Structure formats: structure tokens, C-alpha cells
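Encoded as C-alpha cells, the structure appears first; notes follow it.
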Amino acid sequence: MAGVPFATISSPAAAVVLGFVVNVALAFCMGTADLNGIVNNEIGQPLATILFNSFGKRGTLAVWSITILVQFFMGVTGLTAGARLTWAFSRDGALPLSRYLSRLNPITKTPLYAALYTASISLAVGFLVFAGPVATSALFSSTLVGQYISLTIVFLARFFGGEPWVSGPFSLGKFCKPIGFTSILFMILVMVILIFPSNPNPSASTMNYTVLVIGGWIGMCLCYYYLPVYGGVHWFRGPVANITPADETSDMASLRKSSVEEDRMKY
């Protein structure tokens, strides 16, 4: 466990350093050509245009193939994390069809149904790219905005929740709150930037629909939670405990878990 904080800190730090180096290299490879010629090139991808001007056709295809492969692995990583979260939420009864999504495959002993559900939703959302660049931009921006919203909620709950905080083996000490508040302000700033259109007085084709996507998703979640009779507000009690308290007997634990499961299965 001692290596976990080091990995957590070193991973984004390495990404910052390598990302800066790559951006500097790209800036030097752009040449003195007109930026509009790079952005609006017939290739359709500014990065591919820079590579083409530097490496030619064969070199660009080689580098671009590596880029596509890396993006594929990034998608697999994201899908794995999404499936894990889907199973965890369904185990607590927080998602529609939780009774099915929370089941483990009897052969592989893995949350196969949650993984297939997550993959299906991802595929359906991915079809938005065929709606044009406006929908694609809103989809990509919504991903980052949604992530920052979830992180901001965690930070705010930490600072204003009122519960005492017990630090683990690794802690920032007195720098915890300043860094946390700085992170909140930074994420709020980035979210505001991402939901604004790139140009003033946007038209229907240049409008940034990120706020519509995020707002629609939040609206659907609220409707599901406050749905009369079947909504989670009527039965959801919070996460299901996985660790039995020391003063709780096995019979009490079984009774508590069965009660929660019974309430969840009613809906």
C-alpha cells in the first residue's frame, strides 16, 4: 500500500511533463504556415496535418496508427472502470435494473452483465459522432464536465459534510484544504469554459450543446430518483455495507442485508 500514493502522484506528474514536451515538439513542427491552413485543412485533423507536413504520407500513417491503438487501450481502460462503477452502483440498488446488473456471471465470477450494459450504453452514445462535429464536441466536453462535477461534489462533501476526517497513511496535512479549494476553483473555471461556445453570437451549427447534454442527463437522474412510487427516494437507504461491524452478530448482519435487498427488489 505504500506505493499507492507515489503512483497516484507520479502518474499525472509524468503526464504533465510528457504532455508539455509533446506540445513543444508539435509547436516546432507546425512551421511558419498559416494556422488556418492547419486547422481547416482538407485532412480534417490539425494533428494529422502537422504530422503529414513533417513525415509525409507513410510516416503519418505509421504514427497515426500508434495513436489509434493508444486510444483503443484508453477506451478499454475507461470501459473497465465504467463497468466496475456500474456494478458497484447496481449492487447498492442505485440504478435501473439493479437486480440484474448486480449479478455475477456463474462461470467467470465477474460482473459480466454490468460490463455488457456499460458497453451497450457507450456504443449508443458513441453513435452521436455521426451527427456531426457539433455533437462530437458536445460529447467530448460533456465527458470532462461530468468528471469534474463528480470530483467537485466529493471535495465539497469533504469540506462541508461536517463529519470528522480521519487521515490515512498518506496525507497532505495542512495543505489539504488549500489544495482542495484550489482544485474546486480550477474545476469550476474549466467547466464554465467548456460549456461556452467558441465564438460570440453562435448559430445553431456553432452552438456548444454541452450544457444541454449535462443538464438533460442530470434531469433524467432526478426524474428517476423522485419518480412516484418507484423512485429511489422511496426506498434507497445508501450503500450496502460490505464490512460487518465488530459488535454485530452474523444473524444481525444477515437480517440487515436481507432487509435492504428486500426493499430494493420491491422496485
Test: V24 is aliphatic (A, V, I, L, M), more than 29 Å from V125 (Cβ to Cβ), free of Cβ contacts under 8 Å to residues at least 60 places away in the same chain and not assigned by TED's automatic domain parsing to the domain that holds G168: yes
Kindly indicate the residue of region 199-237 that is more than 19 Å from A131 (Cα to Cα) and among the polar types (S, T, N, Q) and also nearest to the chain's Cα centre (by Cα) among those meeting that condition. N199
Residues of region 100-124 being touching a helix residue (DSSP H, G or I) at 6+ places or on another chain (Cβ under 7 Å) and in a helix (DSSP H, G or I), in sequence order, are Y100, L101, Y113, A114, A115, Y117, T118, A119, S122
Check on I179, more than 21 Å from the chain's Cα centre (by Cα), of a type outside the set (F, W, Y) and either at pLDDT 80 or above or not in a helix (DSSP H, G or I) (or both): yes
Just one of V70, V4 is modelled with pLDDT of 85 or more and in a helix (DSSP H, G or I); which is it? V70
From T152, T60, which residue is without any contact (Cβ under 8 Å) to a residue 40 or more places away in the chain and more than 23 Å from G216 (Cβ to Cβ)? T60
Can you name the residue in region 157-176 that is in a helix (DSSP H, G or I) and on the phi < 0 side of the Ramachandran plot and, of all such residues, is farthest from the chain's Cα centre (by Cα)? K174
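The values are calculated or read from the model by the stated rules, or taken from the named source; none is laboratory data. Values in this document were obtained by computation on a predicted structure and should not be read as measured data. Backbone-built Cβ (ideal geometry, glycine too); neighbour counts: all protein chains shown.
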